[in-house]
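Asker: Below you will find the structure I want to go over with you.
Laboratory data are not the source of any read-out in this text; all were calculated from the coordinates shown. All values derive from a computational prediction rather than experimental measurement. Cβ placement follows ideal geometry from the backbone for every residue including glycine, while neighbour counts extend to all protein chains displayed.
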Amino acid sequence: MISKLINRKILTLLKVQYSNMLEYRVEIALWAISGIIPFFMLNIWTNNNLNESINISDTLLSRYFLCAFFVRQFSVVWVVFSFEEDSLMGKVSPYLIQPLNPFFRYFAQHLAEQITRFPFALIIAFFFFIFNPESIWIPNLGILLLSIVSTFLSFLIQFLIQSIVACLCFWTEKASSIERLLFIPTLFLSGLLAPVVSFPAYVKSWIYLTPFPYLIDFPANLLSGNETNISGGLIMQILWIFILFPLFKKIWSEGTKKYTAMGS
Amino acid sequence: MVQNIIDVKNLSKSFDISSKEPGLKGTIKHFFRRQTKSLKVIKGISFEIKEGEIVGFLGANGAGKTTILKMLCGLIYPSEGSISVSGYLPFRRRENFLKSITLIMGQKQQLIWDLPPIESFYLNASIYDLDKFEAKKRIKKLSEMLEIDEELFIPVRKLSLGQRMKSELLAALIHEPNILFLDEPTLGLDINAQRNLRKFLQKYNKETNATICLTSHYMKDITSLCKRVICVHEGAISYDGELDLLLKKLSPVKEILIVCRSEEDAIKLENSGFTVKNKIKNEITIKIENNSITSSLKTILNNFDIEDLFINEPPIDEVIGKVLIKKDYDI
């Protein structure tokens, strides 16, 4: 019954946010294009024959970076910036006195944006295959489904991390500056610039204990068909969600006590 | 017997405020050693509000009216004291409590800017667990009461301020709350839009017996909606009672302009013992105490040849203005 009600709320939120996102389709196309950093990295790797050092073929490497692009398209999160702005402008106040946690709104906003991005991401992939026909492959259905699940889990981890940071707005008005600190490990350790397998062994063992490689590296390797520990990766993703969710709930509950409703 | 729906006892709220001296030296000092002090903005106030009452909160800017409303609706935590609204502790924000209240802040909006208001209405309806049929029924009823129709389908960004405010009201009332917290709801609206909004609130209160707590700097909002006012001065209550009683106390006399048929009659009236404010030819302005207006007018009409007379009420803003700068009004 409760889950039915929540689903109905989320579904309506999703529909409304999707209509809202369609108002910004040009911006979304530009955002999708702006996410092509993995293709630049692919170029750097192949032009310098760096893949030889980690025994990955050109084809597998290009598939990896294409999948990294896809995973990034469907797991990118900006909730800290939205919440910070809404908090400073006093827009959070009406949401706080509604019987739905305001983060559901942001959650729906992100999902709606991902749906809007999808066709643009496909177009970019189409052009990628035109220039790299040797990279074309069809993943089997099981792997494809697991990759979708893994990408969604990656999105959840990033959403929870940023939501925790966003809640710091209750103590400091500029929580986004803390997010910028997190951006550095996210960039280097997530697999966006280089597959984690390319790091030295002793660094890798530490990296795998953090949530970062499960944001892009694991789902991208899974989808591209590279060798990866599927069950281990999924367990780690779920584990991080179980660690982050109670932390978010605690910080949210403490933070709202500190809320001063400034700007409203 | 009408029940108390809001019960506030010894309520206080303090905020930590950081201060900075001007100039580069002040900035550097502020960077390394931030000085904060606790500022008590609400100082141990107590009051009760009965179900169905419309109460106006009056006070100068920064007096603490909005902070009181924010605590009543559970938006901010009180530092000391207790609040009970519909039997709930507001700051716990229980679902049933949230479904029974609404907060409307003038110029602050919850409608989605790029979409028509109808989308926000259906969204709110699902947040408050209303099914589509019920939501449709309520949107129809409220839009008729608010006299909005085509506006429901035009993107919010293209609506005028008055149309937006009406839509905001509809969005905030779709769950039919029985307690309304209104923080300057007519701010920025033109005279007609203000009047329509007041008419709507009166009607809503009459039809649903909803309790309304209102702050406004427009005295017309207060005088046409509220029988009772709570005056807040520097975080404390300086007056809590009937508005009429306050006005009588603050303005015990009325000015009456009398136009006599001749200047001789005006001179006779001037010397008949009334308090005269001024006299110009055959026009004379006298001051009469509120409780003797009928008898005094009777005497004047019977004994003098009068062409016309006008009773001048003192401007309400001027009268209320006196309350906003005084600590205590004991009536």
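Asker: Got a sec? Charge dipole of segment B:236-298, +1 on Cβ for Lys and Arg, -1 for Asp and Glu; which of B:239, B:252, B:276 is way out at the positive end?
Answerer: Checking the options against the dipole of segment B:236-298, the answer is B:276.
Asker: Can you pull out the trypsin sites (Lys or Arg not before Pro) in segment B:142-251 whose DSSP state is coil and whose Cβ has at most 14 other Cβ atoms within 10 Å?
Answerer: Values: sites: B:157, B:158, B:164, B:166, B:195, B:198, B:199, B:203, B:206, B:220, B:227, B:228, B:248, B:249; in loops: B:227.
Taking segment B:142-251 and a limit of 14 other Cβ atoms within 10 Å, the loop trypsin sites (Lys or Arg not before Pro) found are B:227.
Asker: Counting other C-beta atoms within 10 Å, and keeping those with at most 14, which DSSP coil trypsin sites (Lys or Arg not before Pro) do you find in segment A:158-264?
Answerer: A:174
Asker: Between A:178, A:251, A:123, where does the largest GNM mean-square fluctuation fall for chain A, given springs only between Cα atoms within less than 10 Å?
Answerer: Largest GNM mean-square fluctuation: A:123.
Asker: I've got another one for you. Which of rounded, prolate, oblate describes segment B:5-138, given a ≥ b ≥ c as roots of the alpha-carbon gyration tensor eigenvalues and a/c under 1.5 marking rounded, otherwise prolate only if a/b is larger than b/c? Mind dumping the intermediate values first?
Answerer: Values: a/c = 2.63, a/b = 1.51, b/c = 1.74.
Taking the square roots of the gyration eigenvalues as a ≥ b ≥ c, segment B:5-138 is oblate.
Asker: If you filter segment B:18-113 for chymotrypsin sites (Phe, Trp or Tyr not before Pro), then keep DSSP loop positions with at most 16 other Cβ within 10 Å, what is left? Please report the intermediate quantities before stating the final value.
Answerer: Working: sites: B:31, B:32, B:47, B:57, B:88, B:91, B:97, B:113; in loops: B:113.
Qualifying residues, ordered by number: B:113.
Asker: Here is a follow-up. Between B:24, B:123, B:225, where does the largest GNM mean-square fluctuation fall for chain B, given springs only between Cα atoms within less than 10 Å?
Answerer: B:24
Asker: Just how large is the dipole of segment A:116-264 about the Cα centre, in debye to the nearest 20, putting +1 at every Lys and Arg Cβ and -1 at every Asp and Glu Cβ?
Answerer: Details: 8 positive and 6 negative charges, 107 e Å.
Taking the Cα centre of segment A:116-264 as origin, the dipole is about 520 debye.
Asker: Can you give the mean number of other chain Cβ atoms that lie within 10 Å of the Cβ atoms in peptide B:69-77? Numbers along the way, then the final one.
Answerer: Working: counts 1, 6, 1, 0, 4, 3, 10, 8, 5.
Averaged over the peptide's residues, the number is 4.
Asker: Please state the charge dipole magnitude for chain A, taken about the Cα centre, from unit charges on C-beta atoms (+1 on K and R, -1 on D and E), reported in debye and rounded to the nearest 20.
Answerer: Values: 17 positive and 14 negative charges, 189 e Å.
Computed about the Cα centre, the dipole is about 900 debye.
Asker: Could you tell me which of A:137, A:97, A:183 has its Cα farthest along the dipole of the protein assembly as shown towards the positive end, charges placed at Cβ (Lys, Arg +1; Asp, Glu -1), taken about the Cα centre?
Answerer: Positive-end residue among those listed: A:183.
Asker: Let me ask another. For labels at residue B:289 and residue B:312 in the simple 7 Å Cα→Cβ model, what's the distance in nm?
Answerer: Spacing of the two 7 Å Cα→Cβ label points: 2.2 nm.
Asker: Say the cut-off is 20 Å between C-alpha atoms; which of A:258/B:40; B:248/B:279; B:70/B:158 go over it?
Answerer: From A:258/B:40; B:248/B:279; B:70/B:158, over 20 Å: B:248/B:279; B:70/B:158.
Asker: Within 10 Å of each Cβ in A:8-15, how many Cβ atoms from other chains are there, averaged over the peptide? Don't skip to the answer; put the middle values down first.
Answerer: Working: counts 5, 5, 1, 1, 8, 3, 0, 4.
Per-residue shielding by partner chains comes out at 3.
Asker: Could you tell me how far the Cα centroid of segment B:115-173 sits from the Cα centroid of segment A:191-227, in Å?
Answerer: So the separation of the two Cα centres works out to 49 Å.
Asker: May I pose another question? Relative contact order of chain B: what whole-number percent is it, with Cα pairs under 8 angstrom and at least 6 residues apart? Intermediate results must be reported in sequence, preceding the final value.
Answerer: Numbers: 577 pairs, mean separation 60.4, N = 331.
Relative contact order for chain B comes out at 18 percent.
Asker: Continuing with the same structure: Going by Cα centres, segment B:48-101 and segment A:65-138 are how many Å apart?
Answerer: 37
Asker: Work out which helices of chain A, taken as complete DSSP H runs, extend at least 27 Å along their axis over the Cα atoms and score a mean Kyte-Doolittle of -0.5 or more, then list them.
Answerer: Values: long enough: A:2-22 (30 Å, 0.40); A:102-131 (43 Å, 1.10); A:141-167 (39 Å, 2.18); A:230-258 (42 Å, 0.79).
Helices meeting the span and hydropathy rule in chain A are A:2-22, A:102-131, A:141-167, A:230-258.
Asker: Right, next: Taking the Cα centre of the protein assembly as shown as the origin, how large is its charge dipole in debye, to the nearest 20, when only Lys and Arg (+1) and Asp and Glu (-1) carry charge on their Cβ atoms? Don't skip to the end; give the middle numbers.
Answerer: Working: 66 positive and 58 negative charges, 234 e Å.
Using only the charged Cβ atoms, the result is roughly 1120 debye.
Asker: For residue A:122 paired with residue A:19, estimate the spin-label separation in nm (one decimal), with each label point 7 Å from Cα along the Cα-to-Cβ line.
Answerer: Distance between label points: 2.4 nm.
Asker: Within 10 Å of each Cβ in A:92-104, how many Cβ atoms from other chains are there, averaged over the peptide?
Answerer: Mean partner-chain Cβ count within 10 Å for A:92-104: 6.
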